[in-house]
Amino acid sequence: MVKGNFYFNKLKRPYIFPIIEQKLSEVKLLYPDVDIINMGIGDIALPLAPSISKAITLAVEEMKEPFSLYGYGPSEGYSFLREAIKENSYKDLPVTSDEVFISDGINTDIVNILDLFHNSCSVAIPNPAYPAYLDSNILDGRHNRIYVMPCTKETGFVPENPSSHCDIIYLCSPHNPTGVAMTRDQLKKFIDYAIKENSIILFDNAYDAFVTSKDVPQSIYEIPGAEKVAIEFKSFSKSAGFTGLRCSYLILPKGIQVEIHKKKHSLHALWKKRQSIKFNGVSYPIQRGAAATFSPLGKKETKDQVQFYLSQARQLKEGLEKAGQICYGGIDSPYIWWQTPKGTSSWEFFDLLLHKCQIIAIPGCGFGKYGEGYVRLSGFSLQKKTTKALERIQQLV
Ligand code: PLP
């Protein structure tokens with residue numbers, strides 16, 4: 001029989017969303033008429049901005065024209081979008097438009113980038129963290145080469161430099177699930193480490209649009225030297241409501257190199273080759289929609305949406321703190337990291353919130369063992385829901 005990838009057996013962490021679904025259907029049977037509020041979700045709550053929908057519609061109309069030239073596009077993305085990203089997000093930074101690669105989601109890129117590295121590479125991963133970092137490395141056979149960087153109350157929910165050599169380092173700031181962002185100084189320590197150790201940083205910047213603190217950069221390339229060691233991943237998912245449309249990009253500086261058979265290779269060239277083999281690009285209308293986020297109206301509409309989500313997060317945080325709860329995040333991020341009261345576990349507190357308040361939170365342990373003792377709430381919510389959820393929580397605690 002054909003052999004399967006046996007590293008699937010090394011995926012030990014239970015996947016939390018089917019468990020949540022199961023618990024939810026049990027509660028719906030118990031209380032059929034009750035209104036359950038999902039306050040954990042990491043998905044958008046507002047409709048697509050009109051300027052984006054208009055740009056996508058116009059692009060589809062263009063494709064109806066006889067002899068329109070929009071068949072297969074370049075796998076690295078159309079130059080109109082790559083240049084708009086350079087001009088708007090990296091204007092004074094050491095990034096060129098041909099270092100921008102368009103894709104259909106950070107999730108896609110952050111797992112596919114592993115194609116460029118040997119599976120003997122050691123990998124440092126924050127814990128708790130977005131589960132794809134760990135799981136994709138396990139599937140590639142690196143389960144014995146994982147260095148855990150705890151993000152706990154003691155570390156201020158920020159990872160610390162590995163105490164030994166690691167080849168690849170994942171960083172995510174503003175961080176999912178804790179909602180805490182790294183300052184310039186904290187990031188510089190990692191850049192210095194990577195330069196000294198010849199390591200490569202994979203910087204997941206999915207929430208850059210939510211940054212409000214002055215000492216938190218919106219791009220890792222604001223830190224001098226980052227262009228020598230860091231690949232940055234950004235997405236239109238949360239900044240412009242593209243979770244269902246799918247468009248993102250990564251920045252791969254041309255100076256970063258890896259060794260293959262004792263010879264140096266440009267990672268930029270390897271990624272270009274990898275994409276041309278395995279990826280046929282993001283559709284033309286979606287890339288037009290993404291470019292529309294940089295128009296004056298697109299900027300205003302998407303900024304208003306982000307501000308709205310941040311206001312929901314702030315309201316949640318203030319409401320919880322008023323009720324005597326301990327929580328973090330919510331300043332540079334839509335996420336609130338709520339410490340479970342009286343030493344209850346993440347799942348016990350999840351059950352309590354579901355049964356007593358009919359609220360869904362995301363158990364922190366689903367993001368790694370250092371997430372135990374927390375639940376994640378999110379500002380991706382509508383005003384009425386946020387207010388109602390807070391009223392219910394305030395009655396419980
Ligand atoms: N990275 C982080 C930290 C996320 O929270 C998410 C989505 O929730 C993603 C990546 C996936 O982003 P995309 O929709 O661009 O695939």
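The values are calculated or read from the model by the stated rules, or taken from the named source; none is laboratory data. The model shown is predicted, which means the values in this text are computed figures rather than measured ones. Glycine gets a Cβ as well: all are built from the backbone with ideal geometry, and neighbour counts include every protein chain shown. Heavy atoms of the whole protein, side chains included, go into the accessibility calculation; ligands, DNA and RNA do not. Shrake-Rupley method; radii C 1.70, N 1.55, O 1.52, S 1.80 Å.
Structure data summary
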{"item": "Looking only at region 204-251, and only at residues there that are in contact with a Phe, Trp or Tyr (Cβ under 6 Å, 6 or more places away or on another chain) and of a type in the set (A, V, I, L, M, F, W, C), the one that is farthest from residue 76 (Cα to Cα)", "result": "220"}
{"item": "So residue 27, is it away from the ligand (no atom under 16 Å from the Cβ) and not in a helix (DSSP H, G or I)", "result": "no"}
{"item": "Options 228, 234, 238: the member that is closer than 24 Å to residue 91 by Cβ and surrounded by fewer than 22 Cβ atoms within 10 Å (Cβ to Cβ)", "result": "228"}
{"item": "Test: residue 145 is more than 15 Å from the ligand (Cβ to nearest atom), among the charged types (D, E, K, R) and within 18 Å of residue 194 (Cα to Cα)", "result": "yes"}
{"item": "Candidate set from region 257-273 (those that are in a strand (DSSP E or B) and among the hydrophobic types (A, V, I, L, M, F, W, C)); member that is farthest from residue 112 (Cα to Cα)", "result": "260"}
{"item": "Qualifying residue in region 6-14 (condition: touching a residue at least 12 places away in the same chain (Cβ under 8 Å), assigned to a helix (DSSP H, G or I) and surrounded by fewer than 11 Cβ atoms within 10 Å (Cβ to Cβ))", "result": "yes"}
{"item": "Test result for residue 132, within 12 Å of the chain's Cα centre (by Cα), open to solvent by 30 Å² or more (accessible area, probe 1.4 Å), touching a residue at least 24 places away in the same chain (Cβ under 8 Å) and within 16 Å of the ligand (Cβ to nearest atom)", "result": "no"}
{"item": "Selection from region 104-127 of residues that are open to solvent by 40 Å² or more (accessible area, probe 1.4 Å), more than 10 Å from the ligand (Cβ to nearest atom) and not in a helix (DSSP H, G or I)", "result": "118, 119, 120"}
{"item": "Enumerated strands (runs of 3 or more DSSP E) restricted to region 309-391, each holding at least 1 residues that are open to solvent by 20 Å² or more (accessible area, probe 1.4 Å) and more than 19 Å from residue 19 (Cβ to Cβ)", "result": "327-329, 335-339"}
{"item": "Total residues in region 360-383, condition of a type in the set (Phe, Trp, Tyr), within 16 Å of residue 317 (Cβ to Cβ) and under 18 Å from the mean Cα position of the chain (by Cα)", "result": "1"}
{"item": "Those residues of region 274-290 which are in a helix (DSSP H, G or I) and of a type outside the set (S, T, N, Q), in sequence order", "result": "274, 277, 278, 284, 285, 286, 288, 289, 290"}
{"item": "Unique residue being touching a helix residue (DSSP H, G or I) at 6+ places or on another chain (Cβ under 9 Å), in contact (Cβ under 8 Å) with a residue 12 or more places away in the chain and either of a type outside the set (S, T, N, Q) or more than 16 Å from the ligand (Cβ to nearest atom) (or both) when the list is 19, 44", "result": "44"}
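Listed here are the residues, each with its yes/no results for (1) within 16 Å of the ligand (Cβ to nearest atom); (2) under 25 Å from residue 273 (Cβ atoms); (3) modelled with pLDDT under 95; (4) not in a helix (DSSP H, G or I).
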site: 56; (1), (2), (3), (4): no, no, no, no
site: 62; (1), (2), (3), (4): no, no, yes, no
site: 67; (1), (2), (3), (4): no, no, yes, yes
site: 77; (1), (2), (3), (4): yes, yes, no, yes
site: 80; (1), (2), (3), (4): no, yes, no, no
site: 85; (1), (2), (3), (4): yes, yes, no, no
site: 93; (1), (2), (3), (4): no, no, no, yes
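Conditions tested, residue by residue: (1) of a type in the set (S, T, N, Q); (2) farther than 30 Å from residue 377 by Cβ; (3) modelled with pLDDT of 95 or more; (4) touching a strand residue (DSSP E or B) at 6+ places or on another chain (Cβ under 7 Å).
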residue: 260; (1), (2), (3), (4): no, yes, yes, no
residue: 289; (1), (2), (3), (4): no, no, yes, no
residue: 304; (1), (2), (3), (4): no, no, yes, no
residue: 330; (1), (2), (3), (4): no, no, yes, yes
residue: 337; (1), (2), (3), (4): no, no, yes, yes
residue: 351; (1), (2), (3), (4): no, no, yes, no
